[in-house]
Structures are given as C-alpha cells and as structure tokens.
Amino acid sequence: MNLFTKISCLALIFIFCQHTTAQQNHPSCDGSRYRTTVFSDVDTTLAVKFGENTTIAGTFQELFMDIYEPAGDVVTDRPAIILAFGGSFISGDRSQLSTLCDNFARQGYVCSCIDYRLYDGALFPFPDSTVMVDEVVKSVSDMKAAIRYLRKDAATVDSFGIDADYIFVGGASAGAITALHTAYLGASDSSNIPSFIQTAIDNNDGFEGNSTIDSMDYINYSSDVQGVINYSGALARSVWITNDQTPVFSVHDDADPIVPYGQGFAALSAGPFTINIIYMEGSFEIEEELDSATFNHELITIPNSTGHVSYLGDPVWEDSVLTSSSEFLYNELCSDLTSYTELLKQSIQHTAVAFPNPSAQDILIRFDQQPSTYSLVVYDATGRLLQQMHNLTDQEIQLNRADFETGLYFVQLRFDDPSIPSIQQKVIFK
C-alpha cells in the first residue's frame, strides 16, 4: 500500500468516526462516553488475583491485575480494556500503565493493568530467540487467563460491571507484543507457524495456555478479544492476521531501535550496547498485511523518530495519540456496521489526500472529486486555530511550509452542502 492510498484510507476512517452517533451498537453509547473524559474520578481495586504459573526459571508466580472503574457510573455493563506493560520481557510491572488505565476509566471503560511472567533466567550469556519465544508464549498465556477471569466474573458475581462481549487488549512495547499475539497467534492457518514457535506453544499447553487457576473453574470461558491497542508492538509473523479478524490500532516510531517498525529484531538496550532478542514484524508490516482487510485498522507513524514509545508523555504527540486511540475504540463500540458500509459507499467520491505527508516542503491537499464549495480549517496539536479559508472551489489547495512550524496539524474540510460529511486529515511538517 503506498502513502497516497494509506492517507485515503485514513480520511475514510475519520469520516466514519464523525458520524458514529446516528446509530449505536453498545446500549451505553451517548455520543461522548468512550470518546472523551466524562467522569471526574476513578475507583481502583488493586491486586486482584487472576492466575498463577511457573516462570522460565521454575519459580511459582501468582498473577494479579489492578482494575480501574469510572466512579459514580450508573451503567452496569461496561466494555473492558486489559493492558500489559513494557520492558523487553525482562523488567517492568503493572503500575507502569496506571495513568493510561485511569484515562480510559474516566471515559467509561473498566480498565485493568495486568501482571505477566517475565524472563528470570540467566542474562549472561543472554538467552537465544528460542527461549524468548517461549517467554512471549508464556505472556500470552497469562493475558488470556486475565481475559477468561473477567468473563467468568461478568457471568457470575459481576464484581466489576463488565460487558463480556466487549473486551479489548493492548499494551506498550513488550505488552503490545503480548496483546497482538493474544489476538492473532492461532487465529490463522497453523501451517504459517514455524516449528520452533509451535513447539513453544505445545510446551505451554497450547494456544489457550495454562495460567488459569483450576480452583476458579474458568478455563472454558472464551479468550477472544474485540480489538487491539498496539503501542509499538510487533508480531512474530504479520501473515497471522487474516481477513475478517480482530481490529487493530497501532502507533509506532518509524526508526524505533527496540521494536522494529518494519521487519527486524526486537532488541534490548543495555547502556551503549543493543542486544538483538527475537525477529519480529512491526506495526508497518502489520498495516501492510491489512491492505485489503474489511475490518477496522489504523496506523499512526511518528516520523523521523529514533525513540521507542516516544509519543506517550510527549507534549506534541500524546494528546493526538490518546484521542485517536479513543476514537478507534469508540468506532468499534458506538457505530452500526451497516451504517458504516453505506457511509463508506457514499463517501468514497468525496475523499481527499494530502501529499507528501509528512513533508519538509509544501503539502498539497487534493480531492478525487470536489463536490461543493468548502472551507479549510487548520488546528495545531493542542486544538488552537491557526488558519481558516472559506468559499473555496478549487480541487486542489496548498498548505505553505513557511506558514507552519515543525509538528502535527489537523486539517478540516467543511463543505457548504450540509449533506456532505466533513473530512479531517492529520498532516505533519518536518
């Protein structure tokens, strides 16, 4: 998929997002919930045990999750998000994504940050890829146990008011790798799985794993998920994603040295040294594999960035990334799929593309078919209005590089004909 096509797809996604309130899937959708902050406080339940298992070094480990709920919520069936932390599978803990969970809970979700088993074997010499594949499979086993735990709870005591039909998973770095494999490993033809990966799966009791607590009797509950939030993660093989599967939202630095944006080795940074751990195919390869997919998918690329998950905590990117994450999830919860299909058909002739994008020079915005007079409005990443032009009739319009500082901007094309949906584009000046 070339840049021109990708931008076209992104434009259609934004058209869709702006019209999701007309018909709604989840009964709690109200146009704001799951999209913006609607709760001022959060209730937290810490250290809820959901599983147990043995680490690579043979140490018994109990697995816990911290659960965040919107305080004062009257809705009793809420979608859930399960998040996993990063740390190259050798370090980190569930508190690392507490701020992210708090953010989602304030939007109306039940969000949990989970434990998963980390590598606790010898570091010198560093373990080979076969050992680290086993470690990834163990983390997937643990996340699937967390999913099944929440589903059983929802079906029995209902401690957390979760709608078991809407469970999303996600994470950052190693946690995103865990979430992606939870969704896609085993979902496609098993002939695509290399023998050494299949061996690791078999050694951990198959695709469902063995981290469920037997006495809790929830092994038979589903570990399926309804979407993935991928912050700088990767799959061992992107070909595992096939059509009509789980939606995925991805963000990735394009020169990430830790988890590859394209194909390469996930690595551990140790001072001045970088140690390759395991071959992976990152967010760009995943998006390429989804070129013809019928389910929802999106990739935000952080351009010219040698950082790793650099956008979380970054004043330029974080708000945009979190807003886009929320829009993606909202899209899955609060839109009628038939309505979406019809919107797509109606809107194809009214798409616009921006190119080159990102750009160190002027950016040209062009309609495939310019449908009516329109206005162009430009905001910066903080929402500050920078430019607006009205009564435009040209099929092409240019954004002059000299008028903008380096950074991310949002461009809206608003048509004078009220029956035509507006188009929103992200553009980046380098």
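The table that follows gives values for the structure above.
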quantity: Residue among Glu318, Glu298 that is of a type in the set (Asp, Glu) and in contact with a strand residue (DSSP E or B) (Cβ under 9 Å, 6 or more places away or on another chain); calculated: Glu298
quantity: Residue match in segment 227-235 (condition: touching a residue at least 12 places away in the same chain (Cβ under 8 Å) and over 16 Å from the mean Cα position of the chain (by Cα)); calculated: no
quantity: Selection count, segment 281-326, where residues are of a type in the set (Asp, Glu), assigned to a loop (DSSP other than H, G, I, E, B) and closer than 17 Å to Ile428 by Cβ; calculated: 1
quantity: Residue match in segment 166-187 (condition: surrounded by fewer than 19 Cβ atoms within 10 Å (Cβ to Cβ), in a loop (DSSP other than H, G, I, E, B) and in the same structural domain as Glu288 (by TED's automatic domain parsing)); calculated: yes
quantity: Residues of segment 409-430 satisfying the condition of being among the aliphatic types (A, V, I, L, M) and either out of contact with any Phe, Trp or Tyr (no Cβ under 9 Å at 6 or more places or on another chain) or within 15 Å of Leu399 (Cα to Cα) (or both); calculated: Val411, Leu413, Val427, Ile428
quantity: Condition broken by Phe295, with the remaining ones in (1) at pLDDT below 85; (2) more than 17 Å from the chain's Cα centre (by Cα) satisfied; calculated: (2)
quantity: Unique residue being more than 19 Å from Ala80 (Cα to Cα), at pLDDT below 90, in contact with a Phe, Trp or Tyr (Cβ under 8 Å, 6 or more places away or on another chain) and surrounded by 20 or more Cβ atoms within 10 Å (Cβ to Cβ) when the list is Ile201, Ile241; calculated: Ile241
quantity: Scope segment 147-159; condition part of a helix (DSSP H, G or I) and farther than 18 Å from Val228 by Cα; matching residues; calculated: Tyr149, Lys152, Asp153, Ala154, Ala155
quantity: Conditions (1) at pLDDT 95 or above; (2) surrounded by 24 or more Cβ atoms within 10 Å (Cβ to Cβ); number of the one not met by Thr99; calculated: (2)
quantity: Test: residue in segment 354-376 that is under 30 Å from His26 (Cα atoms) and either over 28 Å from the mean Cα position of the chain (by Cα) or at pLDDT below 85 (or both); calculated: no
quantity: From Ser139, Ser159, Ser112, Ser129, residue being modelled with pLDDT of 95 or more and over 25 Å from the mean Cα position of the chain (by Cα); calculated: Ser159
quantity: Residue check for Leu118: within 22 Å of Ile56 (Cα to Cα) and either among the charged types (D, E, K, R) or surrounded by 20 or more Cβ atoms within 10 Å (Cβ to Cβ) (or both); calculated: yes
quantity: Test: residue in segment 215-225 that is among the aliphatic types (A, V, I, L, M), outside any loop (DSSP other than H, G, I, E, B) and at pLDDT below 95; calculated: yes
quantity: Answer from Thr182, Thr246 - the residue that is in contact with a Phe, Trp or Tyr (Cβ under 8 Å, 6 or more places away or on another chain) and under 21 Å from Ala146 (Cα atoms); calculated: Thr246
quantity: Residue among Thr274, Thr246 that is exposed (fewer than 14 other Cβ atoms within 10 Å of the Cβ), in contact with a strand residue (DSSP E or B) (Cβ under 8 Å, 6 or more places away or on another chain) and assigned by TED's automatic domain parsing to the domain that holds Asn192; calculated: Thr274
quantity: Any hit, segment 328-336, residues being modelled with pLDDT of 85 or more and acidic (Asp, Glu); calculated: yes
quantity: Residue within segment 286-308 that is touching a residue at least 24 places away in the same chain (Cβ under 8 Å) and touching a Gly at 6+ places or on another chain (Cβ under 7 Å) present; calculated: no
quantity: Single unsatisfied condition, Phe124 versus (1) modelled with pLDDT under 95; (2) under 22 Å from Tyr218 (Cα atoms); calculated: (2)
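The values are calculated or read from the model by the stated rules, or taken from the named source; none is laboratory data. Keep in mind that what you see is a predicted model, and the values were worked out from it rather than measured. Glycine gets a Cβ as well: all are built from the backbone with ideal geometry, and neighbour counts include every protein chain shown.
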